[in-house]
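Contents: one structure, followed by commentary.
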Amino acid sequence: MIVKSMTLRPIDQGITGEITVPGDKSISHRSVIFASLASGTSTITNFLAGEDCLRTINVFRSLGVNIDQDGTKVSIKSDGVGRLKEAECPVYFGNSGTTARLVTGVLASLPLFTTCYGDPSLSNRPMDRVITPLSKMGANIQGRDNNRLLPIAISGKTLKGITYEMPVKSAQVKSAILLAGMLGEGETTVIEQVKTRDHTEQMLPRFGVGVEVEGLKITIKGGQRPHSADIAVPGDISSAAFFLVAAAVIPGSHITVKDVGLNETRTGIITALEKMGANIQTTVTRTIGSEPVGDIEVKYAPLKGSIMEGDLIPALIDELPILALAATQAEGKTIIKDAEELRVKETDRIAAVADVLTKLGADVTEQPDGLIIHGKSVLRSAEVDSYMDHRIGMMVAIASLLAEGNIQLTNSECIAISYPDFFKDLEYIIKK
């Protein structure tokens with residue numbers, strides 16, 4: 001196997017300018033899923049044409065849905081959930097946990113037989129967190145390692161509604177259960193420990209599906225069938241986070257990221273940077289459906305260490321790698337805890353972040369549920385691996401701007417999972 005490697009070089013000036021980032025990954029996935037289940041034609045604009053979201057498109061094409069994708073515009077023509085057909089071949093989820101978990105909730109609820117598998121990384125991520133509640137609803141799912149891992153075989157059927165108290169803080173699991181409840185019989189209620197990203201609850205009403213939200217309790221009635229809708233996808237704050245942190249830690253920087261989704265369940269990175277003393281301003285300019293969208297402006301300012309914990313963590317779970325980099329440039333100690341969910345992402349992100357930042361010269365201590373980071377660190381030249389994790393790869397790219405010498409990054413191609421044009425956009429703000 002050929003391992004790709006690239007050389008990343010430091011810069012001697014701040015980054016400046018305005019930039020837009022690709023469409024939100026979570027919303028792009030859900031738009032395709034809901035539109036594929038709906039009767040009629042739906043159009044999605046500013047779709048994230050990254051590898052993960054394309055996996056979701058391919059799944060529903062294999063189920064007989066007519067999907068035309070032209071860059072960031074997607075047109076989906078479906079005859080509705082009742083006309084989906086069995087896939088002729090095993091369904092491949094690639095590296096996409098969102099595809100795997102949400103689609104499993106759909107397939108378990110339909111009178112179809114499906115086998116599903118993923119790449120080596122996804123094949124070691126827990127599927128029992130979805131299979132367990134679906135089985136309580138009556139699902140027939142068989143998987144590797146006592147129904148814990150992919151591949152899985154699903155003999156779909158009509159499921160029964162349940163009340164389920166979430167043992168994990170996962171919007172993917174919540175969404176899988178809600179989708180199964182929508183397609184099943186009776187009433188399904190999910191009770192969360194803390195509020196996780198709520199794009200499913202926000203978007204389903206756009207497709208004509210009723211959802212009742214009362215605090216941490218979400219209820220959906222069975223037997224509902226979505227109708228078509230057009231969806232405009234806002235920019236992904238998880239992608240914007242890399243540029244926000246770059247501006248926050250590189251002296252002389254001043255950037256604005258335009259048209260970013262500012263859903264309150266996703267803006268933990270802004271809260272965390274504010275806690276650290278960042279000079280950051282947000283402006284809501286419009287709403288798309290019920291999702292607020294706006295601009296985020298960041299100017300360089302010295303950062304200080306802080307504690308990131310509790311309810312804040314689900315609102316920045318995907319941004320914790322780049323936040324850890326920010327902590328290496330802050331004065332004092334930063335503690336990240338209650339983040340054990342990072343252990344079951346594309347890789348064990350707690351271990352991966354600790355390993356990579358330590359190799360770059362940072363003072364990082366791995367904890368069972370997070371990290372302790374002592375700043376301020378001078379980052380050095382090193383050879384590091386992305387762990388085939390797009391967010392680790394992009395973190396390294398931002399770190400390289402600050403380093404004393406070149407950084408060699410292996411397996412950088414994984415960045416295309418969520419941000420195909422990342423290096424093009426990074427180059428733009430460096431040279432602006």
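The values are calculated or read from the model by the stated rules, or taken from the named source; none is laboratory data. The structure displayed is predicted, hence computed values, not measured ones. Glycine gets a Cβ as well: all are built from the backbone with ideal geometry, and neighbour counts include every protein chain shown.
List of remarks:
- Failed criterion for residue 283 (all others in (1) in contact (Cβ under 8 Å) with a residue 24 or more places away in the chain; (2) surrounded by fewer than 24 Cβ atoms within 10 Å (Cβ to Cβ); (3) not small (Gly, Ala, Ser) hold): (1)
- Scope the range 286-304; condition in contact with a Lys or Arg (Cβ under 7 Å, 6 or more places away or on another chain) and buried (at least 20 other Cβ atoms within 10 Å of the Cβ); matching residues: 293
- Lone qualifier among 290, 238 - being at pLDDT 95 or above and of a type in the set (Ser, Thr, Tyr): 238
- Inside the range 1-59, residues that are touching a residue at least 60 places away in the same chain (Cβ under 8 Å), assigned to a loop (DSSP other than H, G, I, E, B) and not aliphatic (A, V, I, L, M) make up a count of 10.
- Hits in the range 209-231 - residues which are touching a residue at least 24 places away in the same chain (Cβ under 8 Å) and part of a loop (DSSP other than H, G, I, E, B): 209, 216, 222, 223, 224, 225, 226, 228, 229, 230
- Restricted to the range 332-432, the set of strands (runs of 3 or more DSSP E) holding at least 1 residues that are closer than 17 Å to residue 317 by Cα and out of contact with any Leu (no Cβ under 6 Å at 6 or more places or on another chain) comprises 332-336, 363-367, 370-375.
- Strands (runs of 3 or more DSSP E) fully within the range 242-303 counting 3 or more residues that are within 23 Å of the chain's Cα centre (by Cα) and over 26 Å from residue 427 (Cβ atoms): 279-288
- Per-region count, the range 59-102, residues among the β-branched types (Val, Ile, Thr), touching an Asp or Glu at 6+ places or on another chain (Cβ under 9 Å) and within 20 Å of residue 46 (Cβ to Cβ): 4
- If you check 128, 79, 70 for being closer than 19 Å to residue 420 by Cα and modelled with pLDDT of 95 or more, only one passes: 70.
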